[in-house]
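What follows is a single structure, and I will ask about it in a moment.
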Amino acid sequence: MITRCLSLFATFSMIVPCALVGCTSGFGRGSAAFQNGDYQTAMNEWQPLAEDGNAQAQYLLGTMHNEGRGVTRNEPEAARWFRVAADQGFADAQYALGVMREAGHGVEASPAEAIRWYLRAADQGHAPAQNNLGLMYSEANGVPRDFKEAAKWLRLAAIQGVPESQFALGRLYADGEGVTQSDKDAAKWTRAAADQDLDVAQAEYGLMLLKGQGVKRNDVEAARWLTLAAEQDVAVAQYNLGLMLTRGQGVEENLPQAAEWFQRAAEQGLPTAQQRLGTMYEHGRGVAADDAAACLWYSLSAAQGNRAAAQSRDTIASRLSPEHRAEVAAMVKSRAAAVPAPPPPPFQHPSPHPLPNKPLRKSFWSLIRVGSSSFRAA
């Protein structure tokens, strides 16, 4: 869901152009081949260099093995090449090995070992390593929880422009964890991440504008930022934008459009959006009145523990025929089987005037980590 500025590995952005190394060198020929999609030739050119101890070539072979370019994908072999490059002090390889150690890909999972490799890369100014190191301190993953240490590393990465770090640092300021609480600084760092198109940051900054938290309240700007996040399928932004459209707050009132945003958020499993969509169907606001559809969405919300939705479901179900109740029950069962309930979203605001709730630590931090267990940017 989150748009990332950095992929897990800097990988081939590091490949030196032929103009700098010369396409007649082995490294240059490999770089030119890779850029042309000829991965086998790139492997053939870089392999001898890697075996001769060239750390960059070793790192690139590791990424080739990890991604299956020019060779069958082989995570243990990728980890082996990352390790020999990391032992030579190559920061990208140290970071890559840290990720593999944390995730248990190609090597035995070991958060403590991940910390060790992240730290070696972070000490060289490697921004993604600084980001992940800060997050591990915040999670107590491999080290005791230490928000001051988390803030230190996240700040270093944030200054280098990593949007995930900027967003995380903003949340630390908002919560006063590891830093002196400051709504102004929270808004500053959240805005920096939002400016780089980080969707959850856009959603949060929109809410800050809506509340006037750390910034001057501006409903029109709030709607703009929430729209940017909603268009990137951030469910809670879609829900909050729908609320604004029902009230004409910062935007012209538009009930059909509000219903569309509620629908998109509801389809992602957001219980408050499911409840709101049920209300729209029950009262024919922005959509044609449909008791069966209302009962469906109330039921889906109630299945996630929404008591108010359960009450509405029971009320409207009493107006349905036995056949319609059976159809709704079958649809609820089918949806529940097809789409597992998502983890709680980091910013869920069921009230008409949303206020940021403190997120569940694990679900929040896992959303903003640079990279993923599959070694792909999300």
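Just so you know, all these numbers are worked out from the coordinates, no wet-lab data involved. Predicted model only: the values in this text are computed from it and were never measured. Note that we place each Cβ from the backbone using ideal geometry, even for glycine, and neighbour counts take in every protein chain shown.
Could you state, as a whole-number percent, how many of the C-alpha pairs of the stretch 94-206 are farther apart than 19 Å?
More than 19 Å apart: 44 percent of the Cα pairs in the stretch 94-206.
Out of the stretch 40-144, which trypsin sites (Lys or Arg not before Pro) are coil in DSSP terms and have no more than 14 other C-beta atoms within 10 Å?
Sites meeting the loop and neighbour criteria: Arg73.
Tell me which GluC sites (Glu not before Pro) from the stretch 73-139 have a DSSP coil assignment and no more than 11 other beta carbons within 10 Å of their own.
Counting only loop positions with at most 11 other Cβ atoms within 10 Å, the GluC sites (Glu not before Pro) in the stretch 73-139 are Glu108.
A further question on this structure: Within the stretch 246-342, report the GluC sites (Glu not before Pro) that DSSP leaves as loop and that have at most 13 other Cβ atoms within 10 Å.
Counting only loop positions with at most 13 other Cβ atoms within 10 Å, the GluC sites (Glu not before Pro) in the stretch 246-342 are Glu252, Glu253.
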